[in-house]
Amino acid sequence: MEITPLQFPSLSGADALGSIAAPPSADQVAPSTGPDTEFGSLVLDGLDRLEGLTDKADGLAVQAATGKLENIHDYTIAASEASVASQLTVSLRNRAVEAFNEIMRMQV
């Protein structure tokens, strides 16, 4: 990933005021694509999968409690998958918070 320095156009007189007062139009703003949106979509996809696993485990738990579940090992497997996925998600969140705090402690 290449980091480029900020570039500011030279502003003078009326041109400077015009560019400050007028926000870019909708067709001038490019849709957001790149690593940031890819990472965001990965995070959202992971959270959706976690929700799916917990919903499946909850549904099987209700079936087990009402006696409608024939194979109890299906619930045990689903509950274990949901537990491991939850632990992984919490661990990733903790690491992300640690990294953010470390960045905030850096002196510029």
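The values are calculated or read from the model by the stated rules, or taken from the named source; none is laboratory data. All values derive from a computational prediction rather than experimental measurement. Here the Cβ is made from the backbone with ideal geometry for all residues, glycine too, and neighbour counts use every protein chain on show. We work out accessible area using only protein heavy atoms, side chains counted, and drop any ligands, DNA or RNA first. Shrake-Rupley method; radii C 1.70, N 1.55, O 1.52, S 1.80 Å.
General remarks:
- Among the conditions (1) open to solvent by less than 90 Å² (accessible area, probe 1.4 Å); (2) without any contact (Cβ under 8 Å) to a residue 40 or more places away in the chain; (3) of a type outside the set (Asp, Glu), the only one that Leu47 does not satisfy is (2).
- Evaluation of Thr89 against (1) in contact with a helix residue (DSSP H, G or I) (Cβ under 6 Å, 6 or more places away or on another chain); (2) over 20 Å from Phe39 (Cα atoms) (one fails), failing number: (2)
- Restricting attention to the stretch 85-108, the residues that are more than 18 Å from Leu44 (Cα to Cα) and part of a helix (DSSP H, G or I) add up to 8.
- Residues of the stretch 75-93 satisfying the condition of being of a type in the set (D, E, K, R) and modelled with pLDDT under 95: Arg93
- Residue selected from the stretch 65-90 under the condition of a type outside the set (S, T, N, Q) and over 18 Å from Gly52 (Cα atoms), by the criterion most open to solvent (accessible area, probe 1.4 Å): Glu70
- In the set Thr37, Thr54, Thr4, Thr33, only one residue is open to solvent by less than 60 Å² (accessible area, probe 1.4 Å) and either in contact with a Gly (Cβ under 8 Å, 6 or more places away or on another chain) or at pLDDT below 95 (or both); that residue is Thr37.
- Failed condition for Ser12, given (1) modelled with pLDDT of 90 or more; (2) more than 29 Å from the chain's Cα centre (by Cα): (1)
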